[in-house]
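Down below is the structure, laid out as structure tokens.
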Amino acid sequence: MGILHDDVVIIRQSENEGEPSVITVNCPDKTGLGCDLCRILLFFGLSIVRGDVSTDGKWCYIVFWVVCKPTTRWDCSRWELLKKRLIGTCPTCSSASGISYYRSELQPPKPSDVFLLKLCCYDRKGLLHDVTEVLCSLELNIKKVKVSTTPDGKVMDLFFVTDTREQLHTKMRQEETFKALEDVMQDAVISCNIEKVGPEITACSQASPFLPSAITEDIFQLEMSSELSTVSLTSNNVSVTMDNSLSPAHTLVQIVCQDHKGLLYDIMRTLKDYNIQISYGRFYIKQGRKCEIDLFIMQADGKKIVDPSKQSALSSRLQMELLQPLRVAVVSRGPDTELLVSNPVELSSKGRPLVFYDITLALKTLNTCIFSAEIARHMIGDREWEVYRVLLDEGASVSVPRRKVEERVWKLLMGWE
């Protein structure tokens, strides 16, 4: 048994500007489904202002109230694309008597092919952000990037990307990519090439799994400091409380914190990594961007969390992830100035969407040029992190105070600007 394919995701667009659109998901449940759905909404630039989730462990019903950015134009095709992506993350679709139904049997996803986009062009301010914006609009996911500037003012960009549409191996899709880049960059393009790369190439392109201790100290002060207040680039106070007295089968987790971009995603990915199931949840934003979240949860064995050490570990991790979901620092590297940004990677190996987009946009608004950039994944402690290292142009870094760069990047990543 199942439900009709078109009824899995229903989107009711807002009739008036400023009012939220309502997205309803009704499908079989799976571990981390809420996290995967929130990640897609974050990738599409939607802010969740309210949410409700209910599941019996086999079937779930989720409702999101979302708003678009005022500067983003949404047409019917974009809403249809969002619906397609949300349906794609729900449990597998099968066919019965010519009608599409959903079944609960899950199969591990096939790894996406990786392509190398080599772009040689003349440098100008904001160029890297413009390229990143094009790739995001085409649903090309940037897995790694290596950007370098030559003395004669040319830039060589190497983007390792995957294609959400799984069509980048075709000539038509590659030509679509070339045209989109040329439309934005115009005469700045010197050459552009796309080729599929094998695992041996991606392996050779990997950076060292471990970062120098100086870098880890710069961007991970929060974990190393006993006083959270000593780190200024954090969210406001986060309250996480747990209660086992209100439900015979569930632990109630109550969270009160300041809203930020991807807040619900940060909560969901943390619970997903801990293999925690949400049976019922409610999320809403009050005046002053204050968020209140109530979650009735259970462990993978179907029991509530009664062990004080487990409660403390989960509570501390939630508080940490909401205080500082990303790390931002501007530091000296000898005569150079480097911007460091990092975010944790899910245990499923998925990174946070649009981080590089926001970094390049923040630097573009500051008229700060990028000399080189690199994205790589590193093991820091017992967790994998995605680390963005951006070497700022020496002339530009002098004109803009480092603290201003840090704050602009941080506020844009958090959705506060």
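The values are calculated or read from the model by the stated rules, or taken from the named source; none is laboratory data. These numbers were taken from a predicted model, which means no experiment stands behind them. Here the Cβ positions follow ideal geometry from the backbone for every residue, glycine too, while neighbour counts run over all protein chains shown. Accessible surface is based on the protein model in full, side chains and every heavy atom, while ligands, DNA and RNA are left aside. Shrake-Rupley method; radii C 1.70, N 1.55, O 1.52, S 1.80 Å.
Details
- None of I375, I370, I380, I359 is among the β-branched types (V, I, T), modelled with pLDDT of 95 or more and in contact with a helix residue (DSSP H, G or I) (Cβ under 7 Å, 6 or more places away or on another chain) except I359.
- Some residue of region 262-279 being assigned to a loop (DSSP other than H, G, I, E, B) and over 22 Å from W385 (Cβ atoms): no
- Of residues in region 279-294 being open to solvent by 20 Å² or more (accessible area, probe 1.4 Å) and touching a residue at least 60 places away in the same chain (Cβ under 8 Å), the one farthest from V63 (Cα to Cα): I285
- Pairs linking a residue in region 241-261 that is without any contact (Cβ under 8 Å) to a residue 40 or more places away in the chain to a residue that is small (G, A, S) and open to solvent by less than 50 Å² (accessible area, probe 1.4 Å), with Cβ atoms under 6 Å and 6 or more positions apart or on different chains, are Q258/S235.
- Of S312, S372, all but one fail to be open to solvent by 40 Å² or more (accessible area, probe 1.4 Å) and among the small types (G, A, S); the exception is S312.
- Test result for G302, assigned to a helix (DSSP H, G or I), outside the structural domain of R402 (by the TED database), at positive phi and not aliphatic (A, V, I, L, M): no
- Some residue of region 124-140 being without any contact (Cβ under 8 Å) to a residue 60 or more places away in the chain, open to solvent by 80 Å² or more (accessible area, probe 1.4 Å), farther than 24 Å from L41 by Cα and assigned to a loop (DSSP other than H, G, I, E, B): no
- Among the candidates D52, D36, D29, residue that is of a type outside the set (S, T, Y) and modelled with pLDDT under 95: D29
- Which listed residue is under 25 Å from the mean Cα position of the chain (by Cα), among the hydroxyl-bearing types (S, T, Y) and buried (at least 18 other Cβ atoms within 10 Å of the Cβ), from T162, T177: T177
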